[in-house]
1. On a 32 Å Cα-Cα criterion, which of the cross-link pairs LYS168/LYS213; LYS400/LYS426; LYS61/LYS288 come out too long?
2. Keeping every protein chain present and rolling a 1.4 Å probe, give me the accessible area per residue for the chain in Å².
3. I'd like the FRET efficiency for GLU535 and LYS500, computed as 1/(1 + (r/R0)^6) with the beta carbon distance as r and R0 of 45 Å, rounded to 0.05.
4. With θ set to phi - 60°, apply the Karplus curve 6.51 cos²θ - 1.76 cosθ + 1.60 along segment 263-273 and write out the HN-Hα couplings as whole Hz, x wherever there is a Gly or Pro.
5. Give the accessible area for HIS261 in Å² (nearest 10); use a 1.4 Å probe, count only protein heavy atoms, and leave out ligands, DNA and RNA.
6. So how far, in whole Å, is the C-alpha centre of segment 6-83 from the one of segment 90-144?
7. I'd like the distance between the alpha-carbon centres of segment 586-658 and segment 393-454, rounded to an integer number of Å.
8. List every residue whose amide H lies under 5 Å from the amide H of TYR43, counting only residues 5 or more places away in sequence or on a different chain, with H placed 1.01 Å from N in the peptide plane.
Amino acid sequence: MSDKGKFYLTTAIAYASGKPHIGNTYEIVLSDAIVRFKRLEGYETYFLTGSDEHGQKIEEKAKKEGITPKQYVDNVAENIIKPIWDMMNTSYDRFIRTTDEDHETQVKKIFKRLYQQGDIYKGAYEGLYCTPCESFWTESQLVDGRCPDCGGVVSPAKEEAYFFKMSKYADRLIEHINTHPEFITPVSRRNEMMNNFLLPGLQDLCVSRTSFKWGIPVDFDGAHVVYVWLDALSNYITGIGYDTDGDSSERYKKMWPADVHVIGKDIIRFHTIYWPIFLMALGEPLPKTVFGHPWLLQGGEKMSKSKGNVIYADDLADIFGVDATRYFVLHEMPFDNDGVITWELVTERTNSDLANVLGNLVNRTVSMTNKYFGGEVRSTGATKDVDADLKSVVTQTAPKVKEKIDSYHIADALSAVFEIFRRCNKYIDETEPWKLAKDEGSTDRLHEVLYNLIESVTIGTTLLSPFLPETAEKIFEQIGTGARDYDHITEFGLYPNGNKVTENPEILFARRDVNEVMERVEKIRAKQRAEFLKENPEEAAKEAAAEGYSGAPDELVGENKPEITIDDFDKIELRVGEIIACEAVEKSKKLLCSKVKIGSEVRQILSGIRKWYDPKDLVGKKVVVVYNLKPAKLAGLDSFGMILCAEDAAGNLSVVSPEAAGIAAGAEVC
């Protein structure tokens, strides 16, 4: 394969404060697909990712756990973040940590150089500070009195600090953006940076802190540590051997500038304003492109541990597999707008695209080749007009995929690959190999049809390999060949004549039952919620009080309730549910744990009715559920709703059940 030159890609480095969710993981998978495709084309690639490990938030978390900040980040980086990146089969070349010695050494030198040349000066900062974002804000920048980035609480802060003269380079950066439209993509991000930040005028940037110690020390002023953005952003050059004194590595000299920084849209300001200005001050070239990808939202919301709606890559992979998880996030994320992920959507996409379109195609093709010709694949030249359209689709796909990859429309690139597989399935319907097999005079034609399918699958799988590498390897093993050289990817008919496919084709993707998936998801959610409340005892106590529970988790506090209006009642959503499973809660003498089917959803609901019901007597019973009740924790288990009961004069409870037997689970009670 010809050498196409170099391609250097970086991701944002994950903040080492906890476990990355699927939205964070999407970025590393997206980047991996881009790099793998460039590698397939023949580029010499370098792929840098890693972890951002300094700052006040980490210092506070470590103190809370009674360990040093270094011990804390060592655990998160090596035992949480990196294993997830590895599990997702991402082919990075270096996982840089901002506590790495070579990085820290260069950051100290960068800070000192910028100070000595007059770009950094000492002053004092007074403003409103957000600890999670490690950002200062003015009153006018707040949104509803909170941090405009994360929505968190801000606190007044004043401290001595070093500042970078951002305005010194602002006009030069504006000129660069105007003359290099590819520098910020999508266009909407470029417009946002220009109109909201650059054109109104830049304020000088705080680049050191004194209120905490967990950071890279400013070596000429021991009271200060380098602030997160000058520290973290520098990894893109320190990670490939940049040296401030001019003794940079050969890799740096060859690979810099980066061809693309892949980062989330929420931190694009730091990468398209602060970072290029730092580089200008250092006299280094700017990255060619900064791609600010959109967010992956859980059911239309930004994922949040406090909301209990976080989806993690390892949970998805445990149910669907690594490549099915990769496929969903790559296929479902638009170029510009936010994408949506739900467990139901992942199930649907796995069944429709992976099991039906791809898996079924490979299995049918290999099975027919074995059945009719003992696994031998042979071209006989017995062509027909229908073959031409298949070959046209297959040979014209690679340029389409390349164009989409080069413009970072990754979902569109993956869809283009799947057009090959869809066209192959159509070709099977058009040629009807099972009918050809019954006609002795059609043997050569049947050979040609199956050859065309195997050749098409070979080319399609080669193009698929950057997206789903494990699946590609499995397919190549089944069809008895390897990836096609990219220089010949538009040529049809290179599969070796007389080659054989495997005798035992493997099912690539099993279909998933959504109800079974959601039962597993319910357990995952309950575990996550329990962990969150354990880590946040104040939140747990607040929630318990809000739900009317005392310190003993399964003691219900009775109280007279105030009169309400119809508007108050309208806030309550009541639905009919069917109890499909029920068992006693071991840690409680009062509680039963029911699995309640409400429409297509199954919820876990705990009820203090053990005294009046045997669990098996409730199975199959229709009940009325408070559907929109905030989840509560009882006896260590999460309860997602409330089953309505009536109380007689003696204090006995009886579940409320709809009178008509035909009312379906999920029906609204009004």
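1. Violating the 32 Å limit, Cα to Cα: LYS61/LYS288.
2. Details: 29600 Å² over 670 residues.
Normalised by residue count, the accessible surface of the chain is 44 Å².
3. Working from the Cβ atoms, E equals 0.20.
4. 9, x, 4, 6, 10, 5, 4, 5, 8, 10, 10
5. 0 Å²
6. Answer, in whole Å: 17.
7. 53 Å
8. LYS4
The values are calculated or read from the model by the stated rules, or taken from the named source; none is laboratory data. The structure presented is a predicted model; accordingly, all values stated were derived computationally and were not measured. Using ideal geometry, Cβ is built from the backbone for each residue, glycine included, and neighbour counts are taken over all protein chains shown. All accessible areas refer to the heavy atoms of the entire protein, side chains included, with ligands and DNA or RNA removed. Shrake-Rupley method; radii C 1.70, N 1.55, O 1.52, S 1.80 Å.
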